[in-house]
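The values are calculated or read from the model by the stated rules, or taken from the named source; none is laboratory data. This one's a predicted model, so the numbers in the text were calculated from it and none came from an experiment. Note that we place each Cβ from the backbone using ideal geometry, even for glycine, and neighbour counts take in every protein chain shown.
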Amino acid sequence: MSRRVGRATALGLVAVAASALVFWWSDANFDAGRADFFYLAEAFLHGRTWLDFRPGPFDVIEVGDRYFVPFAPFPAIAFMPLVALIGARTADVLESGIDAALAAAAVGLGWVLLGRIGVHRLAARLWLVVFLGLSTPVWWITIRGGVWHTGQLIATLLTLGCLIELWGRRRAVVIGLFAGAAFLTRAPLAFALPFYLVMLGPSIDERVASASSAWRSIADRQSIRTWLFLGLALLPSVGFFLWYNAARFGSPLESGYALAALPDWLEAQRRAGLFSVAHVPMNVDYLFLHTPIRVPDAPFFKPDGLGLSVFLTSPALLLAAFADWRAPRSWLLLSAAVAVLIPTLLYYGGGWLQYGYRYFLDSIPFLFALMAMAVARSGRLSWRWRALIAFGVFVNLGGVYWSDKF
């Protein structure tokens, strides 16, 4: 058994190292020009909530001679030790390597989660982490870099951390800290909290529990004590969110997303509502229906930067449908994936510029866990699913080609 664990650890480390090289090779020559989180980390270290320069023409809030970053602040908090050590400008220069390391860490956490869920065949685990790294928006956002995408990588790491803990020691404080940080990185991830609460209930066991007994655990004293600890662990993130907004804009509920400077065409979208059902058809199109433009010369297709159907970029996600639906945890994971997607479908932003629908990445860790449950249930990953993973990797490889050609 120990030899098998040793082999799994060694292969996991190889997968992380190889993915880091792939990510770095893919994005080393592209500069997004918007490493806002490093400069915001530097501002935090100097006791400021604003930048003293304008980082770009859009996605910035100008108030007098102060420039505020509208994006959720936890990535800047996470980068404070790094910036204190090497400085914001050096971190900016190294951004492509830092993002590659973050994406490789996501692959590593995916490997750990697969083991926790029960995917024991190493070949299956390797195929699944290839899917996570190279057949989801992870690859594209790593290539493009910048403030818009670095935060999504960090949010993915935090969600994977929550899931690993749920299949591990199930410490409410750890999950609360991770979930709070995820909310301070990508606000839609707050909608996963109710499902973490229920999954922490002591009678949630996909092998023996029924759905009714899972929900009855709400009244259990141990559950209440666990949820109390989780709530206390969330308080620092919620408190910082309220203070940070009030310190910048005078209102604890004003995040800044409604104030950021935008190009005219995107401002017209926002006037329909920051969140509105009017945006749902657009986002559904980008997520499920959008296809590339045909062109006469190689490679014979061209993305328009608005989106690309998930059935093209990540077709192996369909494997999640074969999880054990007798287990309450399967339904809770699916519900969490849907819940965090709902505000995204209502959002005006659309995710541009993108190859695939990058906002869907908030939901993918939950679906990835379902994929793992499906493989753990069957004990194998058939060649059909491997072919779909390979197809998705091939499609996403197009993102490397097109990343600097828009």
Candidate set: region 182-199, residues that are of a type in the set (A, V, I, L, M, F, W, C) and under 12 Å from the mean Cα position of the chain (by Cα); chosen: the one farthest from PHE275 (Cα to Cα): ALA182
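Pick out the one residue from GLY146, GLY108, GLY97 that is surrounded by fewer than 24 Cβ atoms within 10 Å (Cβ to Cβ) and within 27 Å of TYR244 (Cβ to Cβ). Break it down into steps so the answer makes sense when it comes.
On the way: GLY108 fails: within 27 Å of TYR244 (Cβ to Cβ); GLY97 fails: within 27 Å of TYR244 (Cβ to Cβ).
Sole residue among the options that is surrounded by fewer than 24 Cβ atoms within 10 Å (Cβ to Cβ) and within 27 Å of TYR244 (Cβ to Cβ): GLY146.
When you go through LEU234, LEU230 one by one, which is the residue that is at pLDDT 95 or above, touching a Gly at 6+ places or on another chain (Cβ under 9 Å) and surrounded by 13 or more Cβ atoms within 10 Å (Cβ to Cβ)?
On the way: LEU230 fails: at pLDDT 95 or above.
After ruling out the rest, the residue left standing is LEU234.
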Within region 245-263, how many residues are in contact with a Pro (Cβ under 6 Å, 6 or more places away or on another chain) and either touching a residue at least 60 places away in the same chain (Cβ under 8 Å) or exposed (fewer than 14 other Cβ atoms within 10 Å of the Cβ) (or both)? 4
Between a first residue in region 264-278 that is in contact (Cβ under 8 Å) with a residue 40 or more places away in the chain and a second residue that is in a helix (DSSP H, G or I) and of a type in the set (A, V, I, L, M), which pairs have beta carbons less than 6 Å apart while being 6 or more apart in sequence or on different chains? ALA272/ALA278; PHE275/LEU346
Return the residues of region 389-406 that are modelled with pLDDT under 95, over 20 Å from the mean Cα position of the chain (by Cα) and not hydroxyl-bearing (Ser, Thr, Tyr); say none if nothing qualifies. GLY398, TRP402, ASP404, LYS405, PHE406
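Scan the helices (runs of 4 or more DSSP H) fully inside region 86-141 and keep the ones with 2 or more residues being in contact (Cβ under 8 Å) with a residue 24 or more places away in the chain and in contact with an Asp or Glu (Cβ under 7 Å, 6 or more places away or on another chain). Break it down stepwise before answering.
On the way: elements: 88-93, 95-117, 122-134.
Helices (runs of 4 or more DSSP H) meeting the threshold: 95-117.
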Collect the residues in region 61-85 that are surrounded by fewer than 17 Cβ atoms within 10 Å (Cβ to Cβ) and outside any helix (DSSP H, G or I), keeping them in residue-number order. GLU62, VAL63, GLY64, ASP65, ARG66
Examine region 59-67 for a residue that is touching a residue at least 24 places away in the same chain (Cβ under 8 Å) and of a type in the set (Phe, Trp, Tyr), and state whether such a residue exists. no
Exactly one condition in (1) buried (at least 22 other Cβ atoms within 10 Å of the Cβ); (2) modelled with pLDDT under 95 is false for VAL295; which is it? (1)
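Filter region 23-56 for residues that are part of a helix (DSSP H, G or I) and out of contact with any helix residue (DSSP H, G or I) (no Cβ under 7 Å at 6 or more places or on another chain); which is modelled with the highest pLDDT? I'd like the intermediate steps shown before the answer.
Taking region 23-56 and keeping what is part of a helix (DSSP H, G or I), we get 23-27, 36-45.
Narrowing the set further to residues that are out of contact with any helix residue (DSSP H, G or I) (no Cβ under 7 Å at 6 or more places or on another chain) leaves 25, 43.
On the way: TRP25: 93, ALA43: 98.
Looking at the filtered set, the residue picked out is ALA43.
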Say whether the condition of being in contact with a helix residue (DSSP H, G or I) (Cβ under 7 Å, 6 or more places away or on another chain), within 22 Å of ALA182 (Cβ to Cβ), among the small types (Gly, Ala, Ser) and assigned to a loop (DSSP other than H, G, I, E, B) is met by at least one residue in region 337-349. no
Closer than 27 Å to ARG270 by Cα and surrounded by 18 or more Cβ atoms within 10 Å (Cβ to Cβ): does that describe GLY392? no
Here's a check for you: in region 12-60, which residue that is surrounded by 13 or more Cβ atoms within 10 Å (Cβ to Cβ) and of a type in the set (S, T, N, Q) is nearest to LEU122 (Cα to Cα)? SER19
Is it the case that some residue within region 358-377 is surrounded by fewer than 20 Cβ atoms within 10 Å (Cβ to Cβ) and either free of Cβ contacts under 8 Å to residues at least 60 places away in the same chain or of a type in the set (Lys, Arg) (or both)? yes
